[in-house]
1. Give me the extension gain from residue 83 to residue 38: residue separation times 0.36 nm, minus the current Cα-Cα distance, reported in nm with one decimal.
2. When N counts the residues of region 62-110, how does its alpha-carbon radius of gyration compare numerically with 2.2 N^0.38 Å, as a ratio?
3. Please compute, for the alpha-carbon atoms of region 14-110, the extent along each of the three principal axes and give them in descending order in Å.
4. Starting from the Kirkwood Rh over alpha-carbon pairs, what translational D in µm² s⁻¹ does region 28-67 have by Stokes-Einstein at 10 °C and 1.306 mPa s?
5. Sorted by average packing, counted as other Cβ atoms within 10 angstrom per residue and highest first, what order do 92-98, 41-47, 64-70 take?
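Throughout, read-outs are computed from the coordinates displayed, never taken from laboratory work. Note that the structure is a prediction, hence the values are computed from the model and not measured. Neighbour counts are summed over all protein chains in view; Cβ atoms, including those assigned to glycine, are modelled from backbone coordinates with ideal geometry.
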């Protein structure tokens, strides 16, 4: 992939949400039976789209990294934190996972 194509591809990934994909995500939420009738390739494409959207929102935060490490090493201590804090760490972990997955795929494509 040339530099120009790579830049255009990366810029497209950072663009506003794609309405077509957003409609399919909404279909999955509102009418799961109709969504299931779509092919596996469509399901995988939607999952990749959602990962890309989630990865865009990731910003590394030392405090959340520490809490994430706490959740892994000492789950009994982590469980004592407020539900709000645990939920935020879960959301942070999901964004982080998406970021890692998307970036690994970009490296493999290059």
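1. Computed gain between residue 83 and residue 38 is 12.5 nm.
2. This ratio for region 62-110 stands at 1.38.
3. Principal extents (largest minus smallest coordinate, Cα): 44, 36, 23 Å.
4. This corresponds to a translational diffusion coefficient of 128 µm²/s.
5. Order by mean packing, descending: 92-98, 64-70, 41-47.
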